[in-house]
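These notes concern the structure reproduced below.
The values are calculated or read from the model by the stated rules, or taken from the named source; none is laboratory data. Quick caveat: nothing in here was measured; it's all calculated off a predicted structure. All Cβ positions, glycine included, derive from the backbone under ideal geometry; neighbour counts span all protein chains shown.
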Amino acid sequence: MTDEWEPQILGIICNWCSYAGADLAGSARTQYPPDIRTIRVMCTGRVDTLFIMKAFANGADGMLVSGCHFGDCHYLEGNYKAAKRMFLMKSVLKNMGIEDKRFRMTFVSASEGAKWAKVVEDVVRTVTELGPSPLKELQQ
Amino acid sequence: MVDETKSQKPRVGVYICHCGTNIAGSIDIQALQEYAKTIPNVVHADDYQYMCSTPGQKKIEDDIKEHDLTGIVVAACSPRLHEPTFRTATKEGGLNQFRFEMANIREQNSWVHMHDREGATDKAKDAIRMAVAKASLLEDLVPKSVPVEHTAMVVGAGVGGIQAALDLASSGIKTYLIEKSPTIGGRMSQLDKTFPTLDCSQCILTPKMVDVGRHPNIELMTYTEVESVEGYIGNFDITLRKKARGVLTPTEAEARGIVGGGCNGCGDCEAVCPVIKPNPFEMGMAPRKAIYIYHPQVVPLIYTVDFDSCVKCGLCVDECGDKKAIDLEQEDEFVTIKVGTAVLAVGYELFPVEKKTEWGYKRYDNVITSLEFERLICASGPTGGKLIRPSDGETPKKIGFVLCAGSRDNTGIGKPYCSRFCCMYSLKHAHQLHEKIPGSQSYLFYMDIRSFGKMYEEFYYRIQDEGAKFIRGRVAKIEEDPINKNLYVMTEDTLLGQPVNIELDMVVLASAVQPTEETDHVRHLFGVSQSQDGWLLEAHPKLNPCGTTTAGVFLAGVCQGPKDIPDTVAQAEGAASAASIPIHVGEVELEPYFAMCIEEKCAGCGMCIDLCPYAALALGEKDGRTVMQVTEAKCKGCGTCGGFCPGGAIWMQHFATPQIVAQIDAFLLGGEQ
Amino acid sequence: MSGKTHQYAFFLGCIAPNRYPGIESAAIKTSKNLGIDLVPLKGASCCPAPGAFGSIDLKVWMTMAARNLVLAEQMNMDIALICNGCYKSIWEVNHKLKHHDELRDDVNEVLKEIDMEFKGTIDVRHLAEIYYDQAICGPAKVADSVTTPLKGVKVAIHYGCHLLKPRKDREFAVPEVGETENPMWMEELVAALGAEPVQYRNKMQCCGAGGGVRGYDIAHALDITNEKLINMNEVGADAITEVCPFCQLQFDRGQIEIKEKFGVEWTMPVLHFSELLGLAQGMSPQDLALDLHGISCEPFLNKLQ
Amino acid sequence: MAKAKGYSDENLSVRLADRYYRTDDASPDFLKNVEKIGMTIPHMCYQCGTCTGSCPSAPRSSYRIRKFVRRAVLGLENDSLTDPDLWLCTTCYSCTDRCPRDIAPTDVIMAMRNLAFKREIVPRNFLNTVQFIYKTGHGVPNNDVNRAARVRLGLEAEPETTAKYPDFIPGIQKILDHYGLKDKADEILAEGQ
């Protein structure tokens, strides 16, 4: 069972920086593990804590929210506001018995294709080391 | 947000693009297509070599009618590339264009998982399933059309900015040309000659500068900086800071009721000013006063007071007399303008090459930069065009030119990129040396001579023929003779495989270029991204090289990446053309990703109001209740309010909570369990 | 002396204790005057010589250096040393093992055989850059310790290689110390002793001895040394100072060998900075065993006002 | 591989020897090994010559560090390891300090020397140091003149190292023996006698 387990990781990423950065990783053919699925939003400010709860409740093993660097937000400060909320989320998850390492927020700019690949690699490694989400086991 | 089509059962068509082998090489298209047919709501699935081609788009158009589709999913490249294409096809097929969703299986899949066919195919399946889930819930939206202000702005008045402004203005658009320095002309006005034609730089630039000065559609604002930028394409509200110049133009004087007064550029003030400072236009090699012009050809010909060094003795005021042009108590003024589009042409500066300590710049008198050489060889420069070496004023006979001085440098000290025009100007410098100083000898220390432009290789040939010596070796070290200040340049002649140690009178470092100090500030004002190396980031390196991620903001010249004059001017014309299109069309369509209030859910708590960076939200009365109201024109669709609303009362069009949740569910609950 | 005392495990190396014992003696005494206590690092060995050992097998070099580091870890003390070659071995191996898990595991595998384990708990510093570090000493404090200023002499400083280069791998408490093309911090220290530091061409050139070249091709090594001596002599240096006993050996014995091999005669005294500092703090030439030097220091001593 | 001429006149065969570089002259693992041991990236070299231009050995010999880096890239293992110039690097690290490609050419040389030693190509002086350290813990051991001087200075005759504490020497010997270094040094030195 655990042999076949592959982590399910959801990424919600902003259109202007991280999505563009992920596209750039593609143009540069920078290889990284395929264990991530992404949803594009215009700004990480859009990320409702509900989305995170929903993903983990549905059995996600890890989650990544990625936006512009501070000061670089296409909408001035959406990423600040997201970061505040995401920081809060980490402690909420912890209280729920989900290792907070399963969830992270990163900042990848449109020119940081290589960084995007590194971030995904790192998230996949971290989540793989942690194993399946405790909620997933609960579900089954 | 709630319409009758929503109750209709979704019928989604899925199209999978091979993109030649770009996608098909790493993903099993056949398996994908078969899988797509099993996804709930999918009534049709197809694949094609190139979905973006006319036959590919035709498939979508035809199928919408044939299969009565309510949503379209194309699994192909990034939506950042072809979303507009497929939206058009969707619209052509008779469906609202916003009922289209793209699954990125190229940039974020086949290209990054090239050696994991199974993993990539699984990922693509999930991506399509998620896209279908969203497409099933997409609604008809109407893009918002807004009128475009019939004015443009160009920031930076070097040759790029000048050209962009002239083009915009000549196409009938009122154009503000903003320059932070007291004069326009930029770097090009500091150059003596230009390669490969050897035109006098000032001679070809000055007419353009004069044109700018008298073009009826150009409002030139020198010594002015952009203070803030608000609004969006078509309607930018710009606040400009007109820095206190301490000197009135004739028009400004007249506005103050001083008839026939204002600065006429006579220079009497400068003569009496007791404060002496280095002139940055002359790279600090000549003095200027606290009241100054950079050089005699400045446009506009108006003096400027450097308030940082002015001692306010008032001698200049007395000397100016009845013209009353000088106001030592002047303060910065703020001016607001409204423009439809903007072109950024904020240029470059030299990399501080003293950081490469092995070459001794700023430690050895006779090691200078290329821009210093330009001024020293220029007839209007500090020495009247007499090339001398700084240590003793002697005429240098043997000069070394160090190419790639800080460029192509991966140490973290220099710049990893090629600065692109140093090879060519160094060839030009060698020519100028040979021309000016009989019996002189140039040595060019190079790694590769990159003479890629039109007539550039021919120019290289010519300079070689003139007797320039090319030594293929990057300079390892420069030592100074402590007595006579001659320089010993050490490298290896890599073609000979022999170390060389050449005694020279002077060395010119072809320093790398870098974004100006202000570039970062300007890009933040306009919401423009930066490349890894700090240059401003174009929307697409090949297909949209003048555009940026901010609609209505365009790039020209070196601020986007190193360029020589021909390329700068070409890009400036491109940027001007791109910037003029929305203005000439007169209106632009904005993506209707606005926030909307679901009033029955809104508790009127007002927490969203402060979250909006654009002040687009406000509380208002509706049917006796306090609810949030959106000013659509101000909303840019970031969704920060929607991400926070505790009651779920904000509906972000096209990124609505049910749509995103459907994607999450589709990923985690909808797969092959 | 005011202020608190800084303690270091004193790593001696080979050449200082076994050829120029005056350096060892001076380092201990002068440091004490500056509030720096150098505690014997018992059982230390050769660093081992980075050129000779590193050339043969970098793994052995690292393991041997790690053994020395572990001795200091067991004392729970940072290491201070007086030789650039030792600095390369001890500082660099410490740095490498701290940052590369794989290397550290390899080395610990071997150290286990002698019941040792590299933990990475200490730092390594060169006494010269400690002297320059305001947080511990600083040039002003060095100047304050001077009782007989070295007036009237011009001193050419040889920084050597392995303390500073390659700069991208080094990390110094005082950033100026890390400059490799035209460092000036030793000039400040020399000036603090009352002597006049002089600038000469190609100041940062190697002495010629390193990398095993002194043993492999002595003429080649001496030719490099000779070039340095020409450049120093050109600006009227009365003596050379350095912070590396191996460089000292190369310059000092090298002048005799240059005479033998090339027929070129030099009489340039060579003093380790600790010896120079010893003189300035009032130690006698006998206290410093300057008589063991190949080139007489007499002309230099006589010139002192 | 270079084509053998096989002319009846051996001298002519040598003088006219095939000098083409062919891909099969390349040792497939040489670059990889050099990069692993040296922990650096010679394959990024663009042959600018900054290294040779910085080298104190270059102006007085045929040693060209740039060429060694080139040989690493092309896999020319034999040419590298048998070239006596390999041992002329003083390890001053000037080239490493200045390399614009962030390569450590010095460590390329060190790695090649390590590989040469594996093939028992090594100058004798390097091995002598090994023997000294095996015996005393010091590359440059104490002697009587020095002992006398030390006592004169108020120091102990033996410094606070393995010289004074020979108990530590077996540990050192264990380390060297682990790598078989002493035996190999003895063996190579004996061969050369």
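Count of segment A:62-121 residues, restricted to those that are in a loop (DSSP other than H, G, I, E, B), within 12 Å of chain B (Cβ to nearest Cβ), surrounded by fewer than 24 Cβ atoms within 10 Å (Cβ to Cβ) and among the hydrophobic types (A, V, I, L, M, F, W, C), is 2. What about D:Tyr93, is it aromatic (Phe, Trp, Tyr), within 7 Å of another protein chain (Cβ to nearest Cβ) and either closer than 28 Å to D:Gly49 by Cβ or surrounded by 24 or more Cβ atoms within 10 Å (Cβ to Cβ) (or both)? For D:Tyr93, the condition - aromatic (Phe, Trp, Tyr), within 7 Å of another protein chain (Cβ to nearest Cβ) and either closer than 28 Å to D:Gly49 by Cβ or surrounded by 24 or more Cβ atoms within 10 Å (Cβ to Cβ) (or both) - is met.
All of (1) modelled with pLDDT under 95; (2) more than 17 Å from C:Leu150 (Cα to Cα) hold for C:Trp266 with one exception: (1).
Within segment B:283-300, residues that are farther than 19 Å from B:Arg187 by Cβ reach partners that are among the hydroxyl-bearing types (Ser, Thr, Tyr) and surrounded by fewer than 16 Cβ atoms within 10 Å (Cβ to Cβ) with beta carbons closer than 6 Å, at six or more positions or on different chains, in the pairs B:Ala290/B:Ser309. Inside segment C:173-198, residues that are assigned to a loop (DSSP other than H, G, I, E, B) and crowded, with 16+ Cβ neighbours inside 10 Å make up a count of 7.
Any residue that is in a strand (DSSP E or B) and either in contact (Cβ under 8 Å) with a residue 40 or more places away in the chain or in contact with a His (Cβ under 6 Å, 6 or more places away or on another chain) (or both) - is there at least one of those in segment B:445-462? Within segment B:445-462, one or more residues are in a strand (DSSP E or B) and either in contact (Cβ under 8 Å) with a residue 40 or more places away in the chain or in contact with a His (Cβ under 6 Å, 6 or more places away or on another chain) (or both). Kindly indicate which of B:Gly497, B:Gly467 is touching a strand residue (DSSP E or B) at 6+ places or on another chain (Cβ under 9 Å), on the phi > 0 side of the Ramachandran plot and surrounded by fewer than 20 Cβ atoms within 10 Å (Cβ to Cβ). Answer to the check: B:Gly467.
The single residue among C:Gly254, C:Gly160, C:Gly210 that is surrounded by 18 or more Cβ atoms within 10 Å (Cβ to Cβ), small (Gly, Ala, Ser), in a loop (DSSP other than H, G, I, E, B) and in contact with a Ser or Thr (Cβ under 7 Å, 6 or more places away or on another chain) turns out to be C:Gly210. Here the strands (runs of 3 or more DSSP E) wholly within segment B:584-673 that include at least 2 residues being β-branched (Val, Ile, Thr) and either over 30 Å from B:Asp167 (Cβ atoms) or out of contact with any strand residue (DSSP E or B) (no Cβ under 7 Å at 6 or more places or on another chain) (or both) are B:625-630. The condition of being within 26 Å of D:Arg60 (Cα to Cα), facing chain C (nearest Cβ under 8 Å) and surrounded by fewer than 20 Cβ atoms within 10 Å (Cβ to Cβ) holds for only one of D:Asn143, D:Asn125, that being D:Asn125. Taking segment D:17-70 as the range and being assigned to a helix (DSSP H, G or I) and of a type in the set (Gly, Ala, Ser) as the test, the residues that pass are D:Gly38, D:Gly53, D:Ser54, D:Ala58. Would you point out the residue of segment D:60-90, among those that are at the interface with another protein chain (Cβ under 7 Å from one of its Cβ atoms), within 26 Å of C:Ala49 (Cβ to Cβ) and of a type outside the set (A, V, I, L, M, F, W, C), that is surrounded by the fewest Cβ atoms within 10 Å (Cβ to Cβ)? Per the stated criteria, the residue is D:Ser61. Those helices (runs of 4 or more DSSP H) of segment D:110-178 in which at least 2 residues are closer than 21 Å to C:Leu41 by Cβ and of a type in the set (A, V, I, L, M), considering only elements entirely within it, cover D:169-178.
Looking only at segment B:626-673, filter to residues that are polar (S, T, N, Q) and within 30 Å of A:Asp35 (Cβ to Cβ); which one of those is nearest to the other protein chains (Cβ to nearest Cβ)? In this case the residue turns out to be B:Thr640. Looking across segment C:11-21, the residues that are at the interface with chain D (Cβ under 8 Å from one of its Cβ atoms) and either out of contact with any Cys (no Cβ under 9 Å at 6 or more places or on another chain) or surrounded by fewer than 22 Cβ atoms within 10 Å (Cβ to Cβ) (or both) come down to C:Pro17, C:Asn18, C:Arg19, C:Pro21. For the residues B:Leu81, B:Leu32, B:Leu95, the requirement of being modelled with pLDDT under 95 and crowded, with 16+ Cβ neighbours inside 10 Å singles out B:Leu81.
Residues in segment C:36-60 that are more than 15 Å from D:Thr162 (Cβ to Cβ) and out of contact with any strand residue (DSSP E or B) (no Cβ under 7 Å at 6 or more places or on another chain): 11 in all. Condition (residue is acidic (Asp, Glu), more than 7 Å from every other protein chain (Cβ to nearest Cβ), more than 23 Å from C:Arg253 (Cα to Cα) and part of a helix (DSSP H, G or I)) applied to segment C:22-45: is it met by at least one residue? No, there is no match, as no residue in segment C:22-45 is acidic (Asp, Glu), more than 7 Å from every other protein chain (Cβ to nearest Cβ), more than 23 Å from C:Arg253 (Cα to Cα) and part of a helix (DSSP H, G or I). When segment B:379-438 is filtered for residues that are among the aliphatic types (A, V, I, L, M) and either closer than 30 Å to B:Ser531 by Cβ or crowded, with 17+ Cβ neighbours inside 10 Å (or both), the ones remaining, listed by number, are B:Leu387, B:Ile399, B:Val402, B:Leu403, B:Ala405, B:Ile413, B:Met424, B:Leu427, B:Ala430, B:Leu433, B:Ile437.
Have a look at B:Ser531, B:Ser442 and point out the one that is surrounded by 14 or more Cβ atoms within 10 Å (Cβ to Cβ) and either among the acidic types (Asp, Glu) or within 23 Å of B:Cys559 (Cβ to Cβ) (or both). The match here is B:Ser531. Residues that are buried (at least 24 other Cβ atoms within 10 Å of the Cβ) number at least 1 in the following strands (runs of 3 or more DSSP E) confined to segment B:112-206: B:151-155, B:174-178. Among the residues of segment B:550-583 satisfying the criterion of being out of contact with any strand residue (DSSP E or B) (no Cβ under 8 Å at 6 or more places or on another chain) and of a type in the set (A, V, I, L, M), which is surrounded by the fewest Cβ atoms within 10 Å (Cβ to Cβ)? So, considering only residues that are out of contact with any strand residue (DSSP E or B) (no Cβ under 8 Å at 6 or more places or on another chain) and of a type in the set (A, V, I, L, M), the one surrounded by the fewest Cβ atoms within 10 Å (Cβ to Cβ) is B:Ile581.
Screening D:Tyr165, D:Tyr134 for residues that are under 22 Å from the mean Cα position of the chain (by Cα), surrounded by fewer than 22 Cβ atoms within 10 Å (Cβ to Cβ), modelled with pLDDT of 95 or more and not aliphatic (A, V, I, L, M) leaves exactly one candidate, D:Tyr134. The numbered conditions (1) within 12 Å of chain D (Cβ to nearest Cβ); (2) out of contact with any strand residue (DSSP E or B) (no Cβ under 8 Å at 6 or more places or on another chain) are all true for C:Leu71 except (2).
Note on segment C:205-264: residues that are touching a residue at least 40 places away in the same chain (Cβ under 8 Å), β-branched (Val, Ile, Thr) and within 12 Å of another protein chain (Cβ to nearest Cβ) amount to 3. Per this entry, C:Phe53 is not counted among residues that are facing chain D (nearest Cβ under 10 Å), aromatic (Phe, Trp, Tyr) and closer than 21 Å to C:Ile122 by Cα.
Filtering segment B:222-254 to residues that are outside any strand (DSSP E or B), farther than 25 Å from B:Thr550 by Cβ and among the hydrophobic types (A, V, I, L, M, F, W, C) leaves B:Ala244, B:Leu248, B:Ala253.
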